[in-house]
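Novice: Sharing a structure here in structure tokens format.
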Amino acid sequence: MKASVKVEKGLEQLFGSYDANLKLLEQCLQVSAHLADQTLEIEGGELNVARAQRLIEEYVELVDSGVHFEDNEVRAFLRIVAEDPTVTLKGLAEAGRPRTLGKKSIAPKSLNQRLYVDAIKRHDMVFGIGPSGTGKTYLAVAMAVDALLSRAVNRIILARPAVEAGERLGFLPGTLQEKVDPYLRPLYDALYDVLDPERTERLIEKGTIEIAPIAFMRGRTLNDAFVILDEAQNTTSEQMKMFLTRLGFNSKAVITGDVTQVDLPEGRRSGLMEAVEVVNKVLGIAFVYFTERDVVRHQLVQRIIRAYEAFDQTRASENVRKNS
């Protein structure tokens, strides 16, 4: 099959230096393309040609609307669109636009964060997995607030497992709610940063926003809700299955976690790690994996994460040598 696209102003950047991006497009989508008389001729299989034509037309449309692409972004987007037919260039570009929520403007700061925001928009259930500081929880809370303010959902439910990491919950003073509140504090912090504290408290008092340990989810069906399960690596297999089956009509669920920081007792398998194996091919569920390159905290955090990864790899290699 052949298709022709008129070369408009702005396509030069898509082609890249010495047509490097155009060659990448050919390689990724298995098409051949050449320029003749200000027209780009694309040849290949019907589906691949249609995808290439759609990508180029979307690019021209976005450039005409004022969107600016960095050269490294173009190459990264080409690879992503080629690997996943459900992802569009327009969707990735829109995922990166700033959102004004309450008192501040929020925008993804890395490519994986864009993929994450785009996945949350397009799927009813998304897993965000990676190290701390990559914006998994913060962006999920921002998207939940956006959905609430635009009336796409009627409530936000934020849940976390109340897992004891080095201290016994029962020895803490106060009521049950006062005992578990410290475990839920990061969720409050994210909400207070997106919305002002007074408005957040009003929404909590009305029940529009609910923050609770995951155990409080049992027996419920969550309709018209944006549900976030944070620190999911500390759920048990039973808790994860229970949470994943709570989703009701017109609802979204985002599950975040870091599989390198499991605080469960020895011998208990992480529900998040099991879920990755069980539901990773279920239609309608998206997985986005973050790395230290997505860390948006102090630059030292990236270095610390890399140092721990190197340490773990060295220790694993030593254990293999000892046992062989």
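The values are calculated or read from the model by the stated rules, or taken from the named source; none is laboratory data. All figures in this text were calculated on a predicted structure; none of them were measured in a lab. Glycine gets a Cβ as well: all are built from the backbone with ideal geometry, and neighbour counts include every protein chain shown. These accessible areas exclude ligands, DNA and RNA; they are computed on the full protein's heavy atoms, side chains included. Shrake-Rupley method; radii C 1.70, N 1.55, O 1.52, S 1.80 Å.
Novice: Answer yes or no as to whether Q30 is under 20 Å from T88 (Cβ atoms) and open to solvent by 60 Å² or more (accessible area, probe 1.4 Å).
Specialist: Criteria met by Q30.
Novice: Output the number of residues of the stretch 267-299 satisfying the condition of being surrounded by 15 or more Cβ atoms within 10 Å (Cβ to Cβ), under 25 Å from L222 (Cα atoms) and β-branched (V, I, T).
Specialist: 4
Novice: Consider L47 against the criteria (1) within 15 Å of F15 (Cβ to Cβ); (2) open to solvent by 90 Å² or more (accessible area, probe 1.4 Å); (3) aliphatic (A, V, I, L, M): it satisfies all of them except one. Which criterion is unmet?
Specialist: (1)
Novice: Restricting to the stretch 119-138, count the residues that are under 8 Å from the mean Cα position of the chain (by Cα) and without any contact (Cβ under 8 Å) to a residue 40 or more places away in the chain.
Specialist: Going through the stretch 119-138 one residue at a time, the tally reaches 0.
Novice: L40 fails exactly one of the following numbered conditions: (1) open to solvent by less than 40 Å² (accessible area, probe 1.4 Å); (2) not in a strand (DSSP E or B). What is the number of that condition?
Specialist: (2)
Novice: If we scan the stretch 135-147, do we find a residue that is of a type in the set (S, T, N, Q), more than 14 Å from I255 (Cα to Cα) and in contact with a strand residue (DSSP E or B) (Cβ under 8 Å, 6 or more places away or on another chain)?
Specialist: Checking the stretch 135-147: not a single residue is of a type in the set (S, T, N, Q), more than 14 Å from I255 (Cα to Cα) and in contact with a strand residue (DSSP E or B) (Cβ under 8 Å, 6 or more places away or on another chain).
Novice: Name every residue in the stretch 255-278 that is β-branched (V, I, T) and under 18 Å from the mean Cα position of the chain (by Cα), in order of residue number.
Specialist: If the condition is that a residue be β-branched (V, I, T) and under 18 Å from the mean Cα position of the chain (by Cα), then I255, T256, V259, T260, V276 are the ones that fit.
Novice: All but one of (1) open to solvent by less than 10 Å² (accessible area, probe 1.4 Å); (2) under 23 Å from R75 (Cα atoms); (3) over 12 Å from the mean Cα position of the chain (by Cα) hold for L101, so report the exception by its number.
Specialist: So L101 meets the others, but not (2).
Novice: What is the one condition in (1) touching a Ser or Thr at 6+ places or on another chain (Cβ under 8 Å); (2) more than 28 Å from E277 (Cα to Cα); (3) open to solvent by less than 10 Å² (accessible area, probe 1.4 Å) that Q113 does not satisfy?
Specialist: Checking Q113 against (1) touching a Ser or Thr at 6+ places or on another chain (Cβ under 8 Å); (2) more than 28 Å from E277 (Cα to Cα); (3) open to solvent by less than 10 Å² (accessible area, probe 1.4 Å), the one that fails is (2).
Novice: Still on this structure, please answer the following. Of the residues that sit in the stretch 66-98 and are of a type in the set (D, E, K, R) and either over 29 Å from A190 (Cα atoms) or assigned to a strand (DSSP E or B) (or both), which one is farthest from the chain's Cα centre (by Cα)?
Specialist: Per the criteria, the residue is D71.
Novice: Sticking with this one: Just checking, which of L229, L244, L264 is open to solvent by less than 70 Å² (accessible area, probe 1.4 Å) and at pLDDT below 90?
Specialist: On inspection, the qualifying residue turns out to be L264.
Novice: Check Y138 against each of (1) touching a Ser or Thr at 6+ places or on another chain (Cβ under 9 Å); (2) open to solvent by 40 Å² or more (accessible area, probe 1.4 Å); (3) aromatic (F, W, Y) and name the one condition it does not meet.
Specialist: Checking Y138 against (1) touching a Ser or Thr at 6+ places or on another chain (Cβ under 9 Å); (2) open to solvent by 40 Å² or more (accessible area, probe 1.4 Å); (3) aromatic (F, W, Y), the one that fails is (1).
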